[in-house]
Amino acid sequence: MRSAVGGWLFWLVVALGLFDAGLPRERFLGVQQRFGAGQWPGLVDAVRAYVTNDGDVRRYYAYVQASRGRPYQSYFVRTAEDWRRAFAAAEPYRPDAWPTVTPERPLVPYRDYLIEYPPGFFAVAVPPAWLAADADGYVKWFVAMMALALTGAFALGARAVSLARGRAGAAIGPVMGWAALGVLLLGIVATHRYDAAVALSLALAAWAAVAYRPVILGIAVGVAIALKLTPLMVVPLFAMLGVRERRWRDLSLSAAAAVVAIVALTRWSLASSGGHLIDMLRYHADRPLQIESTWGALFGLIHAVAPGVAQVEKTFGSTNVAGALGHTASQVSTLATIAGLLAVYVVTWRRLAAPAAADRARAVLAATVAVFAVFITCSKLSSPQYLVWILPVGLALSLAEGDRRELASLLAVLTLAQLVYPISYARLEALRPGACALVLARNVTLIVWTVRLLARRPEPARDARAAPLTAELAPAARDSTLT
């Protein structure tokens, strides 16, 4: 991974090659039929079928097409009430069995049909539709765009960590080699979901925080929030950094820029939805325990010794675990998430009292990763693509610190994530103890890696003054480029 050219080549082969090599829908269904009949379709088709996994992307396409008044796959486009009835009836997931519908007019998102994503989603989902002639073309363009977004995210994450260490000119190529290995171990959820765009926004925010770019920081955080809401968790971290360094003007600029970015990406949806945007929030509030959450996996293990305690249900666009203890487990997950976030905030506030600017920079970068790790391991919702949010900055931190055990832990998390989904997912849906144990192993390993990242002691202070971050790093920041 030390060769810059080799790192970039490995990245291009994985992210823009292998991960965009999925089969067209009709051919994919044919390969599935051959597998079902016990026939081997050939190595190339088998690999391409494995990297197809385009269900979420086709959902995005249906949402976009409906909003444009174009033909859309009707399974995905329904009102909140229609979805609730479908969930109550335990309707099977068979989108291909539903007809394609051409609307008389463009449908209004949230008002005419439910979308489980925040309004910023359309900023990512619409552009590929301008270039695509059909759903297969949309998948290709979308995956390529997410691969490019991840490329930028890893480059920015590497720059942020290098800048925090006073090495603005550090090469990105070797990091891209490790990035290619990381996404290969995680699997195609890295590019087949729109979480790569969230990762890009978060990596840009991390770079802006250590490069003294308050307006860019605000825009990046605002975009991330408009895309996925959960990036609200990083706002206290950047605010604490500004308060510790008494950069009141920068805090004001960042806050104003974030508000502008959020309004710019959500104004159209807020104006046209007629208040139905609240349905999206209710949708997530009502979701049961996701099967890949820590609590869902624990439920599955309890079920192995006490059958009937838990049952699997496919609702809210995911596979979930319900049962007599479901409500209690949901409450525990909320309390655990809040407690975990507070712990990260308290540790970070103390670390930001360090006299050396580089130590404060590293503290805020590590905490940015840690809050999402807490969400992934403690909340009632957990999907493998959430790891994409933390990977660019987290990988760069582990590489920069040269701790092989720390890097190995992160790579183990990614490997376990793909072993869970899609490799062992059918067994997980059957609540097999081994598959549930894999989920717990992944989440425990993630927490161990996160604690190690947060607990790393700062280097001896190089500067006794509690100077602002930029006083020490601004010369490097001015010279920093993203090439």
Number of positions in the stretch 288-325 that are under 24 Å from the mean Cα position of the chain (by Cα), on the phi > 0 side of the Ramachandran plot and either surrounded by fewer than 18 Cβ atoms within 10 Å (Cβ to Cβ) or in a helix (DSSP H, G or I) (or both): 1
Can you go through Val57, Val47, Val14, Val31 and tell me which one is part of a helix (DSSP H, G or I), in contact with a Phe, Trp or Tyr (Cβ under 8 Å, 6 or more places away or on another chain) and either over 22 Å from Thr315 (Cβ atoms) or in contact (Cβ under 8 Å) with a residue 60 or more places away in the chain (or both)? Val57
Enumerate the pairs (first residue in the stretch 181-204 and buried (at least 24 other Cβ atoms within 10 Å of the Cβ); second residue anywhere and of a type in the set (Asp, Glu) and not in a loop (DSSP other than H, G, I, E, B)) with beta-carbon separation below 9 Å, excluding pairs fewer than 6 apart on the same chain, so at least 6 apart or on different chains. Thr191/Asp20; His192/Asp56; Tyr194/Asp56
Determine which single condition Thr230 fails, assuming it passes every other condition in (1) more than 15 Å from the chain's Cα centre (by Cα); (2) farther than 28 Å from Leu12 by Cβ; (3) of a type in the set (S, T, N, Q). (1)
Test result for Thr328, in contact with a helix residue (DSSP H, G or I) (Cβ under 7 Å, 6 or more places away or on another chain), among the polar types (S, T, N, Q), surrounded by fewer than 23 Cβ atoms within 10 Å (Cβ to Cβ) and part of a helix (DSSP H, G or I): no
Looking at the stretch 281-320, which of its residues are touching a His at 6+ places or on another chain (Cβ under 9 Å) and farther than 14 Å from Arg84 by Cβ? Val309, Ala310, Gln311
Given the conditions (1) at pLDDT below 95; (2) surrounded by 13 or more Cβ atoms within 10 Å (Cβ to Cβ), report the number of the one that Tyr75 does not fulfil. (1)
I'd like to verify a number: residues in the stretch 146-162 that are crowded, with 22+ Cβ neighbours inside 10 Å and among the β-branched types (Val, Ile, Thr), how many? 1
Residues of the stretch 424-450 satisfying the condition of being over 17 Å from Ser293 (Cβ atoms), without any contact (Cβ under 8 Å) to a residue 60 or more places away in the chain and surrounded by 15 or more Cβ atoms within 10 Å (Cβ to Cβ): Val448
Could you list, in sequence order, all residues of the stretch 27-46 that are among the hydrophobic types (A, V, I, L, M, F, W, C) and surrounded by fewer than 15 Cβ atoms within 10 Å (Cβ to Cβ)? Leu29, Phe35, Ala37, Trp40, Leu43, Val44, Ala46
Quick one: which of Thr348, Thr319, Thr266 is closer than 30 Å to Glu429 by Cα, touching a residue at least 40 places away in the same chain (Cβ under 8 Å), touching a helix residue (DSSP H, G or I) at 6+ places or on another chain (Cβ under 9 Å) and among the β-branched types (Val, Ile, Thr)? Thr319
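The values are calculated or read from the model by the stated rules, or taken from the named source; none is laboratory data. As the structure is a computational prediction, the values presented were derived from the model and not from experiment. Cβ: placed from backbone, ideal geometry, glycine included. Neighbour counts: every protein chain shown.
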